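S.K.: Have a look at this one before I ask anything.
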Amino acid sequence: SFITKPKGNTIDDMRQKKEMERVRKEEKEDEAKQRRDELLKKKAEDQKDKREARIKRVQEARKKQEDTKDARKYEKEKVDKLEALKKREEKAKAEKRKLENVEANKRMEREKMLEEQNKAVEADREREVEEQRVIDEKRVLAEKEREAEASLAKKVIQSRLVQQEQLNSTYSKPGDVINTTIEASTGVSSYDMTPARHELPPEPSKDEDNYGLDDLNSGEDTDDEDCPRKVVPKWAEGTQLRTALLKQCYIGPDLDLIFANVEMPDLGTMFEQQRKRFYKRTSSAVWGTPPESFKHASKRR
């Protein structure tokens, strides 16, 4: 009881005190670290906001620039399209005028050619009429000559018959061999001679549109152009024939009224052997216009 407590800090107090200081120091460090972290975080967020704002400004400026560029490009394309359309229209008008001029020239040439052909046809018609008149005169003259020859031959035969009757009426002794022989040998027999083919008139045709070749055998000769076997139809000679040929040559028929439109055939149904693809046809499949003859193609150009 006489022992007294020493004055001052004991070891435990000192330890406790140090521990408390250490705790306070750690708390201060934690607070300082937290403040630093908050400052860094705030600074990073500020930098991020600035960077996003800068990126946004750059994107807006770029978009505005692209919009301006697209607008200028669109205006330029629009102007180019209008100019190209105007050029195409002018070119089409020029080509149309050129085609009209070409068609007018062709029409004038065709009319001139038809006029010349009509004149030639008229001259041929007049010449054919004159030739037909001469032929008819020759035919009438030949018929008259044949009739005169036939009449003369008939008169000669009749005179011979009269002479024979006079000879037969003379007296002859019975049993006279000479007179009997003369009477038997002087008998006159007459018959009509078969005329030559060119002397006969032509046979009539079956009708106006049928000459009739079914009675002509394959081994027989064809008709003579100068002396046909049958009457030649009017449409197959002279002016009508030339007119039909010229019309067929220069004013051809409408092929669409004769031939129907043919659809493209399906080769898969035509051939048994199936293929993935067939050879493509080139110019042999192009039938936009009928082929022109070598004789008249140069004239048409």
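S.K.: Step through the table entries LYS18/LYS41; LYS138/LYS230; LYS56/LYS78; LYS28/LYS48, compare each Cα-Cα distance with 24 Å, and write down the pairs that go over it.
M.R.: Pairs exceeding the cut-off: LYS18/LYS41; LYS56/LYS78; LYS28/LYS48.
S.K.: Among residues other than GLU29 whose Cβ falls under 13 Å from its Cβ, what is the net charge (Lys/Arg +1, Asp/Glu -1)?
M.R.: That sum, taken over residues with Cβ under 13 Å, equals +1.
S.K.: Still on this structure, I have one more. First measure r as the distance between the Cβ atoms of GLU45 and ARG22, then evaluate 1/(1 + (r/R0)^6) with R0 = 35 Å and state the FRET efficiency to the nearest 0.05.
M.R.: Step by step, r from the Cβ atoms, then E = 0.55.
S.K.: Can you give the extra length, in nm with one decimal, that the chain gains between ASN118 and ILE55 once fully stretched, where that is 0.36 nm per residue apart less the Cα-Cα distance?
M.R.: Roughly 13.6 nm would be gained on extension.
S.K.: Then there's this: If each Cα of region 1-153 is one equal point scatterer, what is log10 of I(q)/I(0) from the Debye formula at q = 0.09 Å⁻¹?
M.R.: Debye intensities relative to I(0), on a log10 scale: -0.84.
S.K.: In this model, which of LYS119/LYS247; LYS76/LYS96; LYS98/LYS119; LYS42/LYS64; LYS112/LYS247; LYS106/LYS234 are farther than 22 Å apart at the alpha-carbon?
M.R.: Those over the limit are LYS76/LYS96; LYS98/LYS119; LYS42/LYS64; LYS106/LYS234.
S.K.: If you don't mind, there's one more thing I want to ask. Under 16 Å Cα-Cα from LYS81, which lysines qualify once same-chain neighbours fewer than 8 residues away are excluded?
M.R.: LYS73, LYS91
Computed from the coordinates by the stated procedures, all read-outs in this text should not be read as laboratory data. Predicted model only: the values in this text are computed from it and were never measured. So basically every Cβ, Gly included, is an ideal-geometry build from the backbone, and we count neighbours across all protein chains shown.
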